[in-house]
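Novice: Take a look at this one; I'll ask things after.
The values are calculated or read from the model by the stated rules, or taken from the named source; none is laboratory data. Values in this document were obtained by computation on a predicted structure and should not be read as measured data. Cβ coordinates were reconstructed from backbone atoms using ideal geometry, including for glycine residues, and neighbour counts include every protein chain displayed.
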């Protein structure tokens with residue numbers, strides 16, 4: 001009886017994929033109209049899912065995967081299968097607030113800038129850490145649109161495990177990594193015994209991983225004219241907020257220190273660093289570096305792994321090739337197909353959010369599905385007309401809270417008792 005709803009979800013998903021693919025073919029971001037269309041289809045999918053029993057959602061060939069929802073795939077396009085389940089804001093936290101994004105006469109931002117009462121505005125009067133923290137909670141429909149824009153422009157969030165947080169702190173059970181020369185993950189052992197023989201007991205060890213919500217605040221300054229004309233400017237604000245949050249959040253998830261901000265994956269305690277080659281030139285990348293990095297990637301993570309590379313390393317990789325015997329042509333180490341680059345069969349993502357060429361972290365091989373992001377509910381938007389009173393501007397800030405760290409607490413020692421591997425592999429410094 002719910003087959004019709006499942007079919008509707010499939011059709012909507014395919015339509016979203018077409019919208020995304022069309023933008024990619026033209027080498028551009030989604031337009032405001034396309035973003036609005038995507039938001040509308042996400043809302044329709046959420047409504048369709050309400051008619052499908054939870055058990056059926058998890059049995060339809062893995063289509064829904066528990067609490068999973070529409071997500072952006074690693075190479076663009078949309079997918080219903082993504083590490084960590086649902087990543088769209090509304091699916092994670094449900095609906096709150098009295099605004100619908102289709103309501104062109106009175107949207108969330110125009111209501112705030114008007115300074116007048118609106119029944120859909122929800123005041124955030126209390127905080128776990130700062131009792132005076134105020135501002136208005138962003139309705140889930142608006143937060144979802146901001147969040148969708150951010151996912152389009154992020155590296156970590158679309159590929160990691162996302163854990164919704166209803167409080168400021170959450171503990172997640174995780175197994176110890178250990179040494180395969182002694183036992184498997186968490187101390188698991190098994191052995192063959194004779195009939196009626198004695199079974200040796202070994203208790204697997206678990207650990208607790210704690211996430212504490214960190215506050216990320218973005219500041220935006222608007223003219224009073226724009227705030228008065230907010231019906232036409234709402235999508236611009238959503239794009240600014242979404243892309244701004246994405247950039248700073250992504251950088252923290254990649255290289256954050258863990259002090260007042262997330263612990264970035266490049267600073268994970270499980271990180272394995274591959275040494276440079278003897279006599280290797282300054283600020284260079286060699287084929288031997290890449291193969292040795294691949295050898296240190298945990299085998300169970302290889303199919304999920306990506307190369308995360310500094311834009312400053314592009315000339316090095318494009319000129320890197322393997323020599324062939326007499327009469328043969330050199331084989332490029334980095335290949336390209338349909339706009340996607342690969343090294344040793346794994347996708348390559350270029351970004352400015354990692355260190356420059358020659359510095360550790362300029363090129364890494366990562367399984368981002370082993371990185372955990374805790375996303376706190378209650379995105380908030382505040383405004384003030386006093387700070388920029390003389391210029392007739394409104395200072396606004398958007399606030400989101402989250403945390404992140406690797407699921408692995410240490411590298412894994414393989415059964416040979418010598419080799420260590422990890423889902424996080426970097427290349428050592430080559431500046432000297």
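Novice: Write out, first by first residue and then by second, each pair whose Cβ atoms fall under 8 Å of each other, whose residues are 6+ apart or on separate chains, and whose first residue, in region 192-218, is part of a loop (DSSP other than H, G, I, E, B) while the second is at pLDDT 80 or above.
Specialist: 213/165; 213/168; 213/169; 213/374; 213/376; 213/401; 213/402; 213/403
Novice: Against the conditions (1) crowded, with 21+ Cβ neighbours inside 10 Å; (2) under 22 Å from residue 171 (Cα atoms); (3) modelled with pLDDT under 90, where does residue 378 fall short? Just the number, please.
Specialist: (1)
Novice: Return only the number of the condition from (1) under 28 Å from residue 239 (Cβ atoms); (2) touching a helix residue (DSSP H, G or I) at 6+ places or on another chain (Cβ under 7 Å) that residue 397 does not satisfy.
Specialist: Exception for residue 397: condition (2).
Novice: Being in contact with a strand residue (DSSP E or B) (Cβ under 6 Å, 6 or more places away or on another chain) and either surrounded by fewer than 17 Cβ atoms within 10 Å (Cβ to Cβ) or not in a loop (DSSP other than H, G, I, E, B) (or both) is the filter here; which residues of region 260-286 pass it?
Specialist: Within region 260-286, 263, 265, 272, 273, 274 meet the criteria.
Novice: Ok, one more. Of the numbered conditions (1) under 15 Å from the mean Cα position of the chain (by Cα); (2) at pLDDT 95 or above, residue 369 satisfies every one except a single condition; which is it?
Specialist: So residue 369 meets the others, but not (2).
Novice: Just to be sure before I move on: is residue 138 at pLDDT below 70, on the phi < 0 side of the Ramachandran plot and surrounded by fewer than 17 Cβ atoms within 10 Å (Cβ to Cβ) in the structure I sent?
Specialist: Spelling it out, it is not the case that residue 138 is at pLDDT below 70, on the phi < 0 side of the Ramachandran plot and surrounded by fewer than 17 Cβ atoms within 10 Å (Cβ to Cβ).
Novice: Residues of region 305-320 being in a helix (DSSP H, G or I) and buried (at least 18 other Cβ atoms within 10 Å of the Cβ), which ones?
Specialist: Within region 305-320, 313, 316, 317 qualify.
Novice: State whether one or more residues within region 384-394 are outside any strand (DSSP E or B), surrounded by 15 or more Cβ atoms within 10 Å (Cβ to Cβ) and in the same structural domain as residue 244 (by TED's automatic domain parsing).
Specialist: Yes: region 384-394 contains one or more residues that are outside any strand (DSSP E or B), surrounded by 15 or more Cβ atoms within 10 Å (Cβ to Cβ) and in the same structural domain as residue 244 (by TED's automatic domain parsing).
Novice: I need the full set of residues from region 328-354 which are at positive phi, in contact with a helix residue (DSSP H, G or I) (Cβ under 8 Å, 6 or more places away or on another chain) and exposed (fewer than 11 other Cβ atoms within 10 Å of the Cβ), in order please.
Specialist: 339
Novice: Now a separate question. Could you list all residues from region 395-432 that are more than 19 Å from the chain's Cα centre (by Cα), within 30 Å of residue 173 (Cα to Cα) and in a strand (DSSP E or B)?
Specialist: 412, 413, 420, 421, 422, 426
Novice: Going by the structure shown, is residue 155 modelled with pLDDT of 70 or more, in the same structural domain as residue 401 (by TED's automatic domain parsing), in contact with a strand residue (DSSP E or B) (Cβ under 7 Å, 6 or more places away or on another chain) and farther than 15 Å from residue 400 by Cα?
Specialist: Considered against the rule, which asks whether it is modelled with pLDDT of 70 or more, in the same structural domain as residue 401 (by TED's automatic domain parsing), in contact with a strand residue (DSSP E or B) (Cβ under 7 Å, 6 or more places away or on another chain) and farther than 15 Å from residue 400 by Cα, residue 155 comes out as yes.
Novice: Given the structure, is residue 354 more than 28 Å from the chain's Cα centre (by Cα), in contact (Cβ under 8 Å) with a residue 60 or more places away in the chain, part of a loop (DSSP other than H, G, I, E, B) and not assigned by TED's automatic domain parsing to the domain that holds residue 218?
Specialist: no
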